[in-house]
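Values in this text are rule-based calculations from the coordinates and carry no lab data. None of these values were measured; they are calculated from a predicted model. Note: ideal-geometry Cβ built from the backbone for every residue, glycine included; neighbour counts use all protein chains shown.
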Amino acid sequence: MTTAESSEAADRARRLQRVAELLAEAVTPQEVLDAILTEGVRAAEARAGAIGVLTQDGANVELLAQRGYDASAVTGWSSFPLEAKVPMSDVIRTGEPLFLTSVQERNKRYPMFSDRGQQNHALVVVPLAVEGRVFGAMSLSFDREIEFEPERREMKLTLARQAAQALARSRLYAAEQTLRERMTFLAEASELLASSLDYNHTLKQVAQLSVPGLADWCAIDMVGPNGEIERLGVAHEDPAKVRWAYELQDRYPPDPDAPTGVPQVLRTGKPEFFPELPQELLDEAIGDDEELRRIIDELGLKSTICVPLVARNRTLGALTLIAAETHPPYTEADLALAVELARRAAVAVDNARLYREAERGADAARALAYVADGVALIDTSGSVLHWNPAAASITGVAEEEALGRQVSEVVPAWDALTSHVPLVPPGGDARPVTVPIVLGGRERWVSVSGVDFGDGTVYALQDVTEEHALEKTRSDFVATASHELRTPLAAVYGAVRTLRRDDVELTDADRAQFLEMIESEATRLAKIVDQILLAGQLDADAVEFELVECDLEEVAAGVIDSAALHLPASISLDLSVDGAAPIRCDENKLRQVLVNLVDNAVKYSPEGGRVELRVRSENGSCLIEVADEGLGIPADERERIFEKFYRLDPQQTQGVGGSGLGLYICRELVERMNGRLRVESEPGKGSRFTVELPLRR
Amino acid sequence: MLVVDDERSIRLLCRVNLVASGIDVLEASDGREGLELARQERPDLVLLDVMMPELDGWTVARELAADERTRDIPIVFLTARADPADRRLGQQLGGVGYVVKPFDPVTIGDFVEGVLVRIERGERDELKRGISSEPDR
């Protein structure tokens with residue numbers, strides 16, 4: 001070896017050493033590429049260099065970086081198939097380095113390059129391999145023809161080995177870094193999603209978290225209750241752009257039938273991924289709208305990922321990531337990350353919704369437990385699914401007895417109860433039907449309505465026994481009252497019709513009788529109407545009582561005086577007062593009661609006799625007795641006389657009967673003045689009615 | 001003809017107007033007296049009130065129908081009860097007429113005579129059928 005040669009060799013070693021040092025310091029792939037393509041190319045005394053690597057799928061070679069080549073030489077070569085008959089592909093395929101001394105040799109081997117510039121003379125392409133696996137190649141072009149003797153070849157191969165190791169290491173590091181970032185991002189996103197049940201809020205935060213690291217734009221759309229698309233959130237680093245995006249959304253609402261984008265993803269439940277957004281797609285979306293074209297151009301959309309939010313086979317929404325002004329185009333790894341993020345978001349949304357449903361279910365169960373109406377849920381096979389406490393109380397069948405069993409078994413009367421109930425669909429006008437039924441040995445009136453919701457029927461039951469009895473009483477009252485009115489009306493009408501007959505000569509006695517009949521029956525009518533009105537007011541609790549201290553002796557004396565005015569001669573009427581104590585009562589009402597009792601006493605003493613009104617105090621009460629020596633009341637009728645429209649034999653009353661309401665009204669009035677009205681009687685010997693009122697303390 | 005009503009005024013109305021139509025009138029002021037008179041006197045027709053104490057009109061009609069001596073006596077109910085259900089009951093108990101109070105006593109004579117004429121003609125069943133839908137007045 002000559003001195004020049006040895007000095008040259010030492011020089012090469014030094015340069016390689018320098019490259020090795022630089023490569024050792026380089027951390028990121030970009031730093032490694034920079035080191036190789038500056039120091040490495042210079043160390044190899046080459047004019048230009050380029051580095052290509054196999055894509056992940058191994059089908060193509062991607063040119064990572066180059067230095068020194070004319071733009072014209074590399075245009076269209078950013079990526080090319082591994083199968084292509086080009087030096088770099090050949091070297092990566094075979095793993096064998098390629099040393100071409102001259103352009104002639106290159107053109108001979110690769111005729112397709114014949115028309116390329118001649119400034120590159122010698123060409124070296126060496127494989128980049130780690131642990132025997134070729135992952136790329138480095139090309140070095142020289143500006144002269146070079147015969148590559150072994151030392152020179154070895155130097156290029158050494159350089160390639162150093163570059164390969166550094167590049168592989170940095171790529172691994174970058175991948176790890178990316179992975180770590182993604183894991184961190186996913187962890188943060190998961191934490192956000194789990195932080196609250198308000199998924200609207202958390203999803204917006206996730207969108208915010210995605211920019212700018214994962215996307216320039218991130219949008220989340222949800223499927224609304226009626227299948228409509230609802231934009232939940234849009235995120236961009238610049239809030240002004242977010243506002244603008246919302247305006248844009250308002251102006252160009254999504255077409256639910258659109259063949260691409262969010263509508264398509266929501267429809268299919270499949271991700272949509274455009275590493276490079278095809279211009280045709282944009283053109284199609286833009287149509288003839290120049291304004292929209294300007295906007296889209298301004299957005300500078302490069303690459304998009306749209307993934308569905310799917311939980312339990314239902315598409316809840318979609319997550320859209322857009323790479324525009326800063327973010328590099330998306331890769332398969334980005335898609336995988338987006339899919340994972342969407343999966344977690346969907347689970348969070350689904351959980352939140354399930355939780356809310358469960359909460360609502362719990363609220364509903366509480367409401368059903370406390371509602372006064374019976375609620376029974378029966379499935380299509382007739383089995384009891386729900387049986388609330390009110391249903392148990394109405395039917396007399398406990399919840400635990402009913403649940404899961406055939407309703408017609410646990411409640412034998414069920415079919416009778418529900419067979420006439422019209423079942424309506426949900427939201428229909430469920431008209432209740434009132435049915436008499438024997439439940440648990442008791443006769444009840446139950447109001448039932450039913451809604452058929454497809455999977456079964458929900459029945460609402462209401463025990464209206466009391467209301468029904470009240471209603472019956474009311475209608476009976478009206479019917480009876482009208483009967484009571486018809487008889488005196490018939491008398492008045494008939495008397496007038498008869499008096500006006502001109503075909504018959506009436507005797508003076510008959511004529512007088514008819515006139516008297518008109519008068520007395522009209523009076524009776526007025527009295528009945530008054531009493532019906534009063535009874536109705538008492539039933540409706542609409543009678544006002546003015547309880548004041550009153551002079552009982554004076555009231556009693558007044559009653560006696562007025563009764564004496566039209567007393568039959570056969571009756572004697574007496575008043576006896578034995579120490580009247582002061583009481584609180586409504587004086588007019590008490591007078592009304594006493595007048596009625598005295599009238600009755602006279603009326604039911606057809607043979608005459610003594611009627612006595614006695615006032616006395618006893619055991620803190622004031623007792624007012626009305627006693628007669630008349631017909632008396634049979635034992636079995638003594639309570640019935642206080643019922644509405646109940647009357648003792650009226651033919652014994654000498655003519656005009658009453659309304660049948662007198663004693664009913666008397667007892668009601670007395671009881672509402674905190675007193676009691678009772679009767680003692682012996683048939684044939686007379687009766688004694690006693691009003692007992694509390695003494696004023 | 002027998003009038004059974006516990007209301008004196010109704011009896012008076014019937015009597016005066018029936019007599020004016022040339023009809024002899026017997027009166028009973030309750031169901032029991034009505035039954036007795038019907039059995040003793042066998043009237044051509046009974047004008048029968050329903051709401052009477054002790055023995056009501058329905059019971060009287062049943063008893064009349066159950067007794068061989070009285071079963072053929074036509075019954076015209078004269079009552080304050082206007083419910084369709086009451087009309088049907090009156091029909092079931094064999095009534096040939098159903099007059100609801102208030103009624104026109106002036107025409108009552110013509111009415112009962114018309115009933116008697118139709119019974120004479122053998123239209124008793126038609127009369128019975130008619131009372132559940134016959135207009136009152």
Task: Table column - 3J(HN,Hα) (Hz), the range A:140-151, Karplus curve with 6.51, -1.76, 1.60, x for Gly and Pro - done: 10, 10, 10, 9, 8, 7, 9, 8, 8, 6, x, 4
Open item on the list: What are the ³J(HN,Hα) couplings of the range A:166-178, residue after residue, when phi is run through the Karplus curve with 6.51, -1.76, 1.60 and θ = phi - 60°? Round to Hz, x for glycine and proline.
Closed with: 5, 5, 4, 4, 5, 5, 4, 4, 5, 4, 4, 4, 4
Open item on the list: Can you work out the Karplus-derived ³J(HN,Hα) for every residue in the range A:122-137? Use 6.51 cos²θ - 1.76 cosθ + 1.60 with θ = phi - 60°, whole Hz, and x for glycine or proline.
Closed with: 6, 9, 10, 10, 10, x, 9, 9, 10, 6, x, 10, 7, 10, x, 8
Open item on the list: With the crude spin-label approximation of a point 7 Å out along Cα→Cβ, what separation in nm comes out for A:Asp379 versus A:Phe80?
Closed with: 7.0 nm
TODO: Over all directions, average the projected area of the Cα convex hull of the range A:454-606 and note it in nm².
DONE: 18.3 nm²
Open item on the list: Ignoring everything except DSSP H segments at least 4 long, calculate the 222 nm mean residue ellipticity for chain B; use -39,500 (n - 2.57) per segment, divide by total residues, nearest 500.
Closed with: -14500 deg cm²/dmol
TODO: Whole number please: convex hull volume per residue, Cα atoms of chain B, in Å³.
DONE: 93 Å³
Task: For chain A, calculated [θ]222 nm from helices alone, where every DSSP H run of n ≥ 4 adds -39500 (n - 2.57) - done: -14500 deg cm²/dmol
Open item on the list: Residues of the range A:379-414 with backbone nitrogen within less than 11 Å of a virtual label 7 Å along the Cα-to-Cβ line of A:Arg366, please, listed as ranges.
Closed with: none
Open item on the list: For a protection proxy built on the mean count of beta-carbon atoms within 10 angstrom, sort A:670-677, A:142-149 highest first, please.
Closed with: A:670-677, A:142-149
- [ ] Beta carbons within 10 angstrom, averaged per residue: use that to sort the peptides A:361-372, B:95-106, A:48-59, highest first.
- [x] B:95-106, A:48-59, A:361-372
Task: Rg over Rh [alpha-carbon atoms, Kirkwood Rh] for the range B:92-131 - done: 0.99
Open item on the list: Give me the Å³ per residue figure for the convex hull around the C-alpha atoms of the range A:549-598.
Closed with: 69 Å³
Task: Long-range HN-HN contacts of A:Leu316 with modeled amide H, under 5 Å - done: A:Leu309, A:Val310, A:Ala311
Task: Mean separation of Cα contacts under 8 Å (6+ apart) over length of the range A:170-268, as relative contact order % - done: 17 percent
TODO: Summarise the partner chain shielding of B:94-104 as one whole number: the mean count of Cβ atoms from other chains within 10 Å of each residue's Cβ.
DONE: 3
TODO: Consider a paramagnetic label point 7 Å from the Cα of A:Arg696 along Cα→Cβ; state which residues of the range A:579-604 have an amide N under 17 Å from it.
DONE: A:579-591
Open item on the list: In Å, what Kirkwood hydrodynamic radius results for chain A from the alpha-carbon pair distances?
Closed with: 37.4 Å
Task: Distance in nm between pseudo-label sites at A:Arg93 and A:Leu506 (7 Å out along the Cβ direction from Cα) - done: 13.7 nm
Open item on the list: Can you tell me the mean projection area, over all orientations, of the convex hull of the range A:171-235's alpha carbons? Units nm², please.
Closed with: 5.1 nm²
Task: Mean Cβ count within 10 Å, highest first, over the residues of peptides A:512-525, A:247-260, B:39-52 - done: B:39-52, A:512-525, A:247-260
Task: Average beta-carbon neighbours from other chains, 10 Å sphere, peptide B:11-18 - done: 5
Open item on the list: Whole angstrom only: what separates the Cα centroid of the range A:306-367 from the Cα centroid of the range A:512-581?
Closed with: 84 Å
Task: At q = 0.22, 0.33 Å⁻¹, base-10 log of I(q)/I(0) for the range A:158-206 (Debye sum, equal scatterers on each alpha carbon) - done: -0.75, -1.04
